[in-house]
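The values are calculated or read from the model by the stated rules, or taken from the named source; none is laboratory data. Not measured: the values here are computed from a predicted model. Backbone-built Cβ (ideal geometry, glycine too); neighbour counts: all protein chains shown.
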2 protein chains.
Amino acid sequence: MTPAVGSPASEAGTRPRVEGDREQQILDATLDVLADVGYDRLTMDAVAASARASKATLYRRWSTKPALVIDALCSMKEPHEVPDTGTLRGDLIAMFCGMGGLTDERQLVILGSVITAIGRDQQFAAAFRSQFIGPKAALSLGVFERALERGEIRDDVDLDIVVPALPGIVLHRQFLMGEVADAGSIERVIDQIILPAVAVGPRHSHDPKDPT
Amino acid sequence: MTPAVGSPASEAGTRPRVEGDREQQILDATLDVLADVGYDRLTMDAVAASARASKATLYRRWSTKPALVIDALCSMKEPHEVPDTGTLRGDLIAMFCGMGGLTDERQLVILGSVITAIGRDQQFAAAFRSQFIGPKAALSLGVFERALERGEIRDDVDLDIVVPALPGIVLHRQFLMGEVADAGSIERVIDQIILPAVAVGPRHSHDPKDPT
DNA sequence: GTCTGACGGAACGGAACCGTTCCATCGAGG
DNA sequence: CCTCGATGGAACGGTTCCGTTCCGTCAGAC
């Protein structure tokens, strides 16, 4: 499968030279293969073929397959900063339903592809968590902290538990139950689990009219 | 749709060269290898070696690797029936912290090992969901329905969302965040997410299906 | 005691990968 | 124009795994 990332300048037989983004092209090809066959079945040959590079080039830059894959994961676009919609509900929807969120097909497939590797390669797991999970978790944490400042949620909420709950529920539905995550299902989880769990007292106030 | 897997031992006379549980021994060995190296890297040779069987024997009974693994998964012990502790909280803890629950190391490792296969083998995924996920989900559903009858939880709770939430959260913490699930962490999730989400009491409806 | 047949073990050819090496080619800088 | 360095492509030997086949063994059926 040819990566959609066609080099703008070079085409039609001319050999793609190292234009600086050559490395990114290879990493993109790595992600394509990763999404296609998974981590365990990803081979350097397949990556080389997909990137129209030679294995020699690959090994010149990355000594091992884990190193290449980790680099590829790190090269993925980070989710945008989450816009302040004024409510926790709006922020969560904006964050998880947008690009780079839980409805991003490619990202979900890749996520599932590396779970095996996470369980069996400590170094891989560490890199994955700090580079991939970390930024997303930080963003999500920020959303909840904003809600905390607004007084939208209880002040005794354990963010370590609450913050990862939403992706956990959605990913579980996706991977193990076979549902395709869309905005609607994510909203249902937010409305029926997350918001009730953090709601303030008996009064369930998710009022958008209280911007701190 | 089970591929050519004879229901053995009950048949008289014909079979058991060794013992009727020889098949189960092989399936157990399969689970061992599965937990050890994962689905993609599981080889028939490794299973044969682990079971001290010959590959010929394996292929005599299971035509392919997916068939063998599916049979192995199906042979795993089902979780016990959940004792009625009198409260939803007690039932959840009893169910998920006990054997076959979310603290069962072997089961968790195997779970992570097959996620790759689930995403890429439709037949495998279907068998896995009906044989592995299905019974657990049914048990969990029963626990919540019992709570519903007790009047412990709101009667407008969407069980399709709520029931899989707990395993989702815990598995996410385990696989992606690298936490080891123990009774304490599961209890925290129950107390801070699940119970608040289903607790009786006033609740604003965020249900998009109710656009009053 | 003999026959039967499933068994474990070993080996096979073929295929896929790995990591390396060699080489012709092409782009850029001198 | 010409050299130099990085590249793509192809091939290598070595390893692993697949699915099959053959064979000697041994417990139960007869």
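Here are a few things to note about the model shown:
- Scanning the range B:87-125 for residues that are touching a residue at least 60 places away in the same chain (Cβ under 8 Å), surrounded by fewer than 20 Cβ atoms within 10 Å (Cβ to Cβ) and among the hydrophobic types (A, V, I, L, M, F, W, C) yields a total of 3.
- Test set (1) under 23 Å from B:Val189 (Cβ atoms); (2) part of a helix (DSSP H, G or I); (3) within 13 Å of chain A (Cβ to nearest Cβ) - B:Ile93 fails condition number: (3)
- Out of B:Ala53, B:Ala4, B:Ala49, B:Ala12, sole residue that is in a helix (DSSP H, G or I) and either out of contact with any Asp or Glu (no Cβ under 6 Å at 6 or more places or on another chain) or at pLDDT 90 or above (or both): B:Ala49
- Criterion: modelled with pLDDT of 90 or more, away from DNA strand D (no atom under 16 Å from the Cβ) and assigned to a helix (DSSP H, G or I) - qualifying residue of B:Asp32, B:Asp28: B:Asp28
- Check on B:Gly178, within 8 Å of another protein chain (Cβ to nearest Cβ), surrounded by fewer than 20 Cβ atoms within 10 Å (Cβ to Cβ) and within 19 Å of A:Ile115 (Cβ to Cβ): yes
Yes or no, residue by residue, for (1) assigned to a helix (DSSP H, G or I); (2) without any contact (Cβ under 8 Å) to a residue 60 or more places away in the chain:
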position: A:Glu145; (1), (2): yes, yes
position: A:Gln174; (1), (2): yes, no
position: A:Val180; (1), (2): no, yes
position: A:Gln192; (1), (2): yes, yes
